[in-house]
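See structure below.
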Amino acid sequence: MDELAAALKAATPQTRLLAGGTDLVRAVRRPGSEPDVIIDLTGLDELSYVRLDGETLRVGATTTFTELQSDPLVHEHALCLGLAAAQVGSAQIRNVGTIGGNIANASPCADGATALTALGAEVTTLDGAGTVRTRPLGELLLGPSQTSLAHDEAITEFSFSALGAAHRSAFAKIGSRTAVSVARLSAALVVRFDPAAGSLTDVRVALGAVGGAAFRAARLEQELQGRPVDEDTARLFAEGCVAAVQESIPGRYSLPYKRHAAVGLAYDAWNMLALVAPCEPAWV
Amino acid sequence: MQLLLTVNGLTHEVEVRPTARLLDVLRDELGLTGTKEGCAEGECGACTVLVDGKAVNSCVMLAVQARGKEILTVEGLAEHGELDLLQQKFVEYGAVQCGYCTPGMLMSAKALLMANPVPSEQDIRIALAGNLCRCTGYAAIVAAVKAASGHDATPAMVLPGEAEELAVEVATDPETLAIVEEVVEAAVAGLTEGTAPAPEAFPSPDAPAGPPGAPAAPSSEPPENADDAEGGD
């Protein structure tokens, strides 16, 4: 990490950080966008990990999507992130693409951003002065290809509260085809089910590929709190997703399509809550 | 910059630009032109090679990223002049038409079989999802990979594909969707009545994919009219 800080210290605005390269290699080959220096983060084994630290799950920035989709801790404590990772690109892309690169690249349709937003992730960074800083993901993602990262600042870690046994989470996306597809719309859903009260608590809904960056549908989350698990709630969830899409991109040419797509997407995510983690008794 | 690259078991010292792609170095510096350039943006998979046993698109990887790693290209599949079993099956099943995607297909399939010697058809399709073919319609390719894999063992649950398999099932399989609806209904009914549904009510993730061991085509001989089966596009 000292080595990284030293490399970052010499960074200029033309310096690019390589965290896998599936987006960056194309970018640096465009005429006029040659970087002065490329700092390859993938050689740093210290940045590739998933570990449980008390009740916090910590994911290193250069953990690949292949690693995330097959990690037992991710399956147990952040399933929506594993599901999102499994649907990124192709096997070839998942083998080298990393969660840190996915976020730093700041594509509005980044699957990882939607999942991490639902998980309430914080981002830890290191800069050229050796300063370690942690901020909410929402403060880092500012818009399409825009982040609050300084030119000498690298993402080192994502951290969030590990989901417990009473939690369920899901990720769904809609693209132009079933596999190897860029999301036209994505959703991540986290819920906690309280068996005593028979109702949902801690509902979190994140939507991606609508607007500049993934966001939480706060009003919808409020509406779903305390609701029972039934068809009416599923419908309310779908309607809320449509409303959130509508508010996020009013007047956009893609709105008529995304309004409809949001319904199917919502049901995909909802159904997956039951499917991916069947256990007893009943739904939890 | 100087770079040591280990390709097909041989270590080469090459002089590369820092922004040179692995694909450029393999083809232009080492003369390994079996690896093809297609889209040049990580979509088509024609440039697929293995790095430390994992399939990667060599068009979106810098050569320096492969330093100190084992690279396997299509030229490294044949040993002592003898085609790899996978290559033999591609020939046998007519899984090649124009041939441009074939090296990439072979390498993605090789990575799959190295990690999972007895993949299900679903596993094969997921592993090849990043390799586009505009000629064959894929059926013969999937059959060839299946034929090159082990035949007797029962496919185990493979963690890496699991999440994606489930996601694909949910998105596409009406049978699964029907089961999901049933399960949710039963669970909701169970909640309101205070009784739990039997755990057997939950679908096995493997169930909708059909009998796992059953090959799409007889494995001992090439399928007849494999091309026609896909509608001859």
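The values are calculated or read from the model by the stated rules, or taken from the named source; none is laboratory data. Treat the numbers as computed from the prediction; the structure is a model and nothing was measured. Note that each Cβ is placed from the backbone with ideal geometry, even for glycine, and that neighbours are counted across all protein chains shown. Accessible surface areas use protein heavy atoms only, side chains included; no ligands, DNA or RNA. Shrake-Rupley method; radii C 1.70, N 1.55, O 1.52, S 1.80 Å.
When the residues of the range B:39-52 are filtered to those that are out of contact with any Asp or Glu (no Cβ under 6 Å at 6 or more places or on another chain) and surrounded by fewer than 18 Cβ atoms within 10 Å (Cβ to Cβ), the one that is farthest from the other protein chains (Cβ to nearest Cβ) is B:Cys39.
Every condition in (1) touching a Leu at 6+ places or on another chain (Cβ under 7 Å); (2) more than 17 Å from A:Lys173 (Cβ to Cβ); (3) at pLDDT below 90 is met by A:Leu275 except one, and the failing one is (2). Residue count for the range A:177-228 under the criterion of being within 23 Å of A:Pro256 (Cα to Cα), surrounded by fewer than 18 Cβ atoms within 10 Å (Cβ to Cβ) and touching a Pro at 6+ places or on another chain (Cβ under 8 Å): the result is 2. Scanning the range A:2-35 for residues that are in a loop (DSSP other than H, G, I, E, B) and at the interface with another protein chain (Cβ under 10 Å from one of its Cβ atoms) yields a count of 7. Residues in the range A:36-48 that are open to solvent by less than 50 Å² (accessible area, probe 1.4 Å), more than 10 Å from chain B (Cβ to nearest Cβ) and at pLDDT below 95: A:Leu44 only.
The set of residues in the range A:65-119 being among the hydrophobic types (A, V, I, L, M, F, W, C) and not in a helix (DSSP H, G or I) consists of A:Ala78, A:Val88, A:Ala106, A:Cys109, A:Ala110, A:Leu119. Listed by first and then second residue, the pairs with beta-carbon distance under 6 Å, at least 6 apart or on different chains, first residue in the range A:253-270 and without any contact (Cβ under 8 Å) to a residue 12 or more places away in the chain, second surrounded by 15 or more Cβ atoms within 10 Å (Cβ to Cβ) and outside any helix (DSSP H, G or I), are A:Leu255/A:Ile249. Can you find, within the range A:33-79, the residue that is farthest from B:Leu112 (Cα to Cα) among those that are more than 17 Å from the chain's Cα centre (by Cα) and among the charged types (D, E, K, R)? Filtering first and then ranking leaves A:Asp36. Is it fair to say B:Leu86 is within 16 Å of the chain's Cα centre (by Cα) and part of a helix (DSSP H, G or I)? Taking the combined requirement at face value, the residue satisfies it. Every listed requirement among (1) under 21 Å from B:Leu23 (Cβ atoms); (2) in contact with a helix residue (DSSP H, G or I) (Cβ under 7 Å, 6 or more places away or on another chain); (3) more than 14 Å from chain A (Cβ to nearest Cβ) is met by B:Glu75 save one, (2). How about the range A:146-176: which of its residues are in a loop (DSSP other than H, G, I, E, B), open to solvent by less than 30 Å² (accessible area, probe 1.4 Å) and under 26 Å from A:Arg259 (Cα atoms)? Residue satisfying the conditions is A:Gly175 alone. Number of residues in the range A:122-139 that are open to solvent by less than 20 Å² (accessible area, probe 1.4 Å) and either outside any strand (DSSP E or B) or in contact with a Cys (Cβ under 9 Å, 6 or more places away or on another chain) (or both) equals 2. Does B:Val25 satisfy the condition of being of a type in the set (A, V, I, L, M) and over 24 Å from A:Gly89 (Cβ atoms)? So B:Val25 does not fit the description; no. The number of residues in the range B:101-143 that are within 12 Å of another protein chain (Cβ to nearest Cβ), open to solvent by 30 Å² or more (accessible area, probe 1.4 Å) and touching a Cys at 6+ places or on another chain (Cβ under 8 Å) comes to 1.
Per-residue answers, yes or no, for (1) surrounded by fewer than 23 Cβ atoms within 10 Å (Cβ to Cβ); (2) within 10 Å of chain A (Cβ to nearest Cβ):
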residue: B:Asp28; (1), (2): yes, no
residue: B:Glu37; (1), (2): yes, no
residue: B:Lys54; (1), (2): yes, yes
residue: B:Ser58; (1), (2): no, yes
residue: B:Met61; (1), (2): no, yes
residue: B:Phe90; (1), (2): no, no
residue: B:Gly99; (1), (2): yes, no
